[in-house]
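Read the structure below first, then the notes.
The values are calculated or read from the model by the stated rules, or taken from the named source; none is laboratory data. This is a predicted model, so every value here is computed, not measured. Here the Cβ is made from the backbone with ideal geometry for all residues, glycine too, and neighbour counts use every protein chain on show.
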Amino acid sequence: MRVCGNLQDDTPTKDVDADACWVCGGLSQQFDHWAERCVDAVGETEFETYQVGSRPPPLVVENDRLLRELIGVAPDAGESFRSELNREVGKRVGRLSGTTVEFTRPHVQFIVDVEADAVVVEVNSAFIYGRYRKLRRDIPQTKWPCSDCDGSGRAGRTACPACEGTGFRYATSVEQEVAPIVEEIMEGVDSRFHGAGREDVDARMLGEGRPFVVEVLEPRRRAVNTEALTRAINAAADGVVEVSPLRLASYEQVERVKSLAASKRYRAEVTFDRPVTETQLAAAMEALTQQEIEQFTPRRVDHRRAELTRIRSVYDASVSECDGTDAVLDIHGEGGLYIKELISGDAGRTVPSVAELVGTAATVTALDVLAVTGEDEAFEDPAYLL
């Protein structure tokens, strides 16, 4: 039987003329050719890991099946020609490029499409992890498209008056201060910003900052100097946003940042409708400490949140300052706890609340997030950072 694959009648592959093989039709002599085309197709894109897949001609796939029937073996016996093509081209790609095969999430995925006489290159995203500090109020975490013009910046033939033609409700965001620089340095085609939750637009993010990951799509550069990247972002942001030393991260770090349970520490400046004493306020803080809070979806977010009652814990609450109708409160709470509503009561939607406990209306006039901390384990687990 004149075949050159792995299902022969004890005939070694090297002793068979591949051109005479009715199964592959000579394709097994083209492994070097396809490997060279893979390396050429990726061009100057940096990568350290790869995987090769293929789309053999339908006739070869059918011949591969018929061969098994002819010699009376199971359909899954031996190695299919597709698998052999992947393996043999893959080995050669590694040797030519000095890179390593990776089957889970490689930097680059090559698809050898024999039928179309083409190599398709899929470049997987790169990830940069860090923490940001938002040092100015009235800045959202991510881009906020203008609702009047749906982000187009236009109102008919003129610039949208609501956003002055920018297409955004706010002039900038943490994402806009950080992600474009990362994308440019890594020469990507686009980027996405993933944060570990988000603070209110009018709240500052202080302390060590909030964890985030910038995902860069189809990057041409992966071996970036993260220290220089950190300096570039901080210089460009000019005191609006500040990032901690950045690090290369894995794909898994995105889910970790988005899903890891985290508690937050807040400092709130509060104004009361009537004067309260420090004793009254201290008693209210003590009553809230280690207390479970029932919060029905706040009115200010009910247009984008499901209406339901959430149970969240206050771990600690104390008074920093108290002067008649003004006070400063420190609160450590579970992730998802609405702090403004914990203080105001939100017309009875949050129970208990500071306002309820002191017997007068209370309004947060300024809010700072002082810390975002993973409860179970640190965000900076070395297993997810490169």
So residue 378, is it under 20 Å from residue 209 (Cα atoms), at pLDDT below 90 and part of a loop (DSSP other than H, G, I, E, B): yes
In the range 132-162, residue nearest to residue 48 (Cα to Cα) [restricted to those that are part of a strand (DSSP E or B) and either of a type in the set (Gly, Ala, Ser) or in contact with an Asp or Glu (Cβ under 6 Å, 6 or more places away or on another chain) (or both)]: 133
Hits in the range 339-375 - residues which are modelled with pLDDT of 95 or more and among the hydroxyl-bearing types (Ser, Thr, Tyr): 344, 350, 353, 360, 363, 365
Single unsatisfied condition, residue 217 versus (1) aliphatic (A, V, I, L, M); (2) modelled with pLDDT under 95; (3) under 26 Å from residue 188 (Cα atoms): (2)
Cβ-Cβ under 6 Å pairs, at least 6 apart or on other chains, the range 98-113 side under 19 Å from residue 217 (Cα atoms), far side at pLDDT below 95 and not in a strand (DSSP E or B): 105/251
Test set (1) closer than 18 Å to residue 35 by Cβ; (2) part of a loop (DSSP other than H, G, I, E, B) - residue 77 fails condition number: (1)
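Yes/no per residue for (1) in a loop (DSSP other than H, G, I, E, B); (2) crowded, with 22+ Cβ neighbours inside 10 Å:
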| site | (1), (2) |
| --- | --- |
| 197 | yes, no |
| 205 | no, yes |
| 211 | no, yes |
| 215 | no, yes |
| 219 | yes, yes |
| 230 | no, no |
| 268 | no, yes |
| 271 | no, no |
| 285 | no, no |
Of all residues making up the range 174-195, the number that are touching an Asp or Glu at 6+ places or on another chain (Cβ under 7 Å), surrounded by fewer than 21 Cβ atoms within 10 Å (Cβ to Cβ) and not charged (D, E, K, R): 3
Among the candidates 229, 217, 206, 246, residue that is among the aliphatic types (A, V, I, L, M), under 14 Å from the mean Cα position of the chain (by Cα) and not assigned by TED's automatic domain parsing to the domain that holds residue 312: 217
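Whether any residue in the range 289-307 is crowded, with 20+ Cβ neighbours inside 10 Å, touching a Lys or Arg at 6+ places or on another chain (Cβ under 9 Å) and among the aliphatic types (A, V, I, L, M) is what I want to check.
Yes, some residue in the range 289-307 is crowded, with 20+ Cβ neighbours inside 10 Å, touching a Lys or Arg at 6+ places or on another chain (Cβ under 9 Å) and among the aliphatic types (A, V, I, L, M).
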